[in-house]
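Chemist: The structure that follows is given in the form of structure tokens.
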Amino acid sequence: LESGQLVSFYKDDVKALPDLPAPLPSPGGLGVVALKVGSKVEIIGSLTPGGHKGKKGEITRFIDANNNPEVRLESGQLVSFYKDDVKALPDLPAPLPSPGGLGVVALKVGSKVEIIG
């Protein structure tokens, strides 16, 4: 959920929403993508102990008032990082509709969904 709460749903009770276009670069910025729950990220710094630089994962929630993210690394490990150690990766293009589907978007980890059931 947008609050960061993790809840299980049956597949039939949710509908995948199309990905939103990437945000426009901030004035004077270099196209920095904002961190949000579900963002795919790469660990680029070493302020956080553990030698995670170069690893990738997904933000599961923000853990404090400074918006430091908790990231589920590709290994499955959950680690809290300083936000300066994390860089959001650009979203991949939305998948093509399935054959015979009517614009149905496939469910995947990190998909935004609407609860319909």
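Chemist: Can you give me the long-range amide H partners of VAL113? Hydrogens built in the peptide plane at 1.01 Å from N, cutoff under 5 Å, separation of 5 or more residues or another chain.
Modeler: LEU17
Chemist: Order these peptides, 74-82, 35-43, by their mean beta-carbon neighbour count within 10 angstrom, highest first.
Modeler: So the order, starting with the most tightly packed, is 35-43, 74-82.
No value in this document is a laboratory result; all are computed from the given coordinates. This is a predicted model, so every value here is computed, not measured. Cβ coordinates were reconstructed from backbone atoms using ideal geometry, including for glycine residues, and neighbour counts include every protein chain displayed.
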